[in-house]
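What follows is one structure encoded as structure tokens, with my remarks underneath.
The values are calculated or read from the model by the stated rules, or taken from the named source; none is laboratory data. What you see is a predicted model; the values in this text were computed from it and never measured. Cβ sites come from the backbone with ideal geometry, for glycine too, and all protein chains shown count toward neighbours.
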Amino acid sequence: VPGLLDVTVPWQTLTGLSPEPGHLGRIGPIPAPDARHLAGCATHDPATIWRIIITNHAGQALAVTRLPRRASGAGGPPGPVPGTGTGLVGRITVTIPEDILDSTPPPLPGPGSPGILLRALTHAAKALASARATAQADKAAGGCAHLDASSAYQIPPRLRDYLTARDLTCRYTTCRQPAWHCDIDHTTPYDQGGRTCKCNTGGLCRHHHQIKQLPGWHLHQITPGIFQWTTPSGRTYTTTPDTHPL
Ligand SMILES: [Zn+2]
Ligand SMILES: [Zn+2]
């Protein structure tokens, strides 16, 4: 991520509806007012990358989208704002629960909301509609319909984005390595017929990626995002997707 700060903020915190903290990459939680201040800086900074993660009621990622860059300006109100155009916030991730997108009208910070928040809602709604269509197809297929699969070994950026948001951390049971820092592993190896699809890929840190390849270890993806490890002693452990703060 270019820029200094990697900020994550729940929509309810961003809009002042919740006192839940935001999160600074590599640092940890930050108070809601600080998260809103940094979001304000991002609003005025055309260089900031906006990533939106739509979650279910449990906080698990359903879909990820990014706002297309703008040639100039980001739609904020005019006027000097600390951090404007400085690249202070390299990336901002906004997490939005699906029920917020289902409510009409979705809650906004008030009249005169920065245009970028409206754009975020529009893009999030589009991504959610597409994710729901995919979920329908998966259901009809009785598993994964492989709609977003690639025939190549390489993980397409869109799948990598989704897996990073879905897994959040290495898929080993107790490992907290962030997914963005992980290898994307084919659960069933590609050369053994494993697909490049959400049902057969996941984040593994280098250490657990290597452990997976050792004799006696076995990893199985029961359904997309739910992994079952079998150790050489035959014990099994199941990991479920991590959750985003709501
Ligand atoms: Zn699949
Ligand atoms: Zn790990």
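Taking the residues in segment 1-49 that are surrounded by 18 or more Cβ atoms within 10 Å (Cβ to Cβ) and of a type in the set (D, E) as candidates, determine which candidate is nearest to L168 (Cα to Cα).
Filtering first and then ranking leaves D6.
Checking the condition buried (at least 19 other Cβ atoms within 10 Å of the Cβ), assigned to a loop (DSSP other than H, G, I, E, B) and within 16 Å of ligand 2 (Cβ to nearest atom), which residue from R171, R176, R166 passes?
Among R171, R176, R166, only R171 is buried (at least 19 other Cβ atoms within 10 Å of the Cβ), assigned to a loop (DSSP other than H, G, I, E, B) and within 16 Å of ligand 2 (Cβ to nearest atom).
At least 2 residues that are surrounded by fewer than 14 Cβ atoms within 10 Å (Cβ to Cβ), modelled with pLDDT of 95 or more and of a type in the set (S, T, Y) in each: list the strands (runs of 3 or more DSSP E) lying fully within segment 194-243 that qualify.
236-239
For segment 199-216: of the residues being in contact with a strand residue (DSSP E or B) (Cβ under 9 Å, 6 or more places away or on another chain) and more than 13 Å from ligand 2 (Cβ to nearest atom), which is farthest from D167 (Cα to Cα)?
Step by step, filter segment 199-216, then rank; the result is G216.
Among the residues of segment 24-41, write down those that are modelled with pLDDT of 90 or more and in contact with a Leu (Cβ under 8 Å, 6 or more places away or on another chain).
Selection gives L24, I30, A35, R36, L38, A39.
For the subset of segment 186-223 comprising residues that are within 13 Å of ligand 1 (Cβ to nearest atom) and touching a helix residue (DSSP H, G or I) at 6+ places or on another chain (Cβ under 8 Å), which member is nearest to V64 (Cα to Cα)?
Here the answer is K198.
With respect to A120, is the statement that it is crowded, with 19+ Cβ neighbours inside 10 Å, small (G, A, S) and at pLDDT 95 or above true? Steps first, please.
Details: crowded, with 19+ Cβ neighbours inside 10 Å: yes; small (G, A, S): yes; at pLDDT 95 or above: no.
Answer is no for this residue.
Any idea how many residues of segment 179-193 are in a helix (DSSP H, G or I) and small (G, A, S)?
1
Please indicate, with yes or no, whether at least one residue in segment 148-161 is surrounded by 17 or more Cβ atoms within 10 Å (Cβ to Cβ) and within 16 Å of ligand 2 (Cβ to nearest atom).
No, that holds for no residue.
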